[in-house]
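These notes concern the structure reproduced below.
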Amino acid sequence: MTRLLEWLPRGNTLDDASFRRRHLLLQWVLAAHIPVILALGWWLGNPPGLLAGAGIAPIVAFLLAGHFVPVHRVAASLVRPVREALAVREVDLAGAGVTARLVDAAAAVKARAPGC
């Protein structure tokens with residue numbers, strides 16, 4: 001656990017090579033979701049044009065922009081919408097039942113949390 005904590009960045013203190021290496025790894029992990037979402041959407045009967053145009057094109061655009069932006073803070077900021085968009089696409093493809101269970105679980109956690 002200590003080794004993992006030492007590996008994690010602290011603020012904006014990474015040198016350019018370390019940032020680029022970690023940022024590229026994160027982009028590859030996020031990009032690996034794209035074919036899975038396309039396949040799942042196609043298997044569930046969604047039109048390919050809708051999946052590619054509305055579902056995947058913005059994600060690819062943000063990933064590419066984050067890859068070519070030289071400023072660390074901006075490049076990292078372009079990854080966040082990709083993470084959120086992928087999560088939304090996965091829940092959307094899974095159906096409303098999963099969404100309802102997630103909302104119920106979040107409400108239960110909030111009810112048990114002190115001070116909320």
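Some notes on this structure:
- For the range 66-80, Karplus couplings with θ = phi - 60° (6.51, -1.76, 1.60), whole Hz, Gly/Pro x: x, 6, 9, 7, x, 7, 4, 4, 5, 4, 5, 5, 7, 7, 4
- Each residue of the range 37-43 is assigned a 3J(HN,Hα), and the resulting list reads 5, 4, 5, 5, x, 5, 5 Hz, derived from the Karplus form 6.51 cos²θ - 1.76 cosθ + 1.60 (θ = phi - 60°), x at Gly and Pro.
- Its relative contact order, with pairs defined as Cα atoms under 8 Å and 6+ residues apart, puts the range 33-83 at 25 percent.
- Largest to smallest principal axis extent of the C-alpha atoms in the range 1-70, angstrom: 46, 30, 15
Here, each number is a calculation from the coordinates, and none is a lab measurement. It should be emphasised that the depicted structure is a prediction, and the values quoted were computed from it without experimental measurement.
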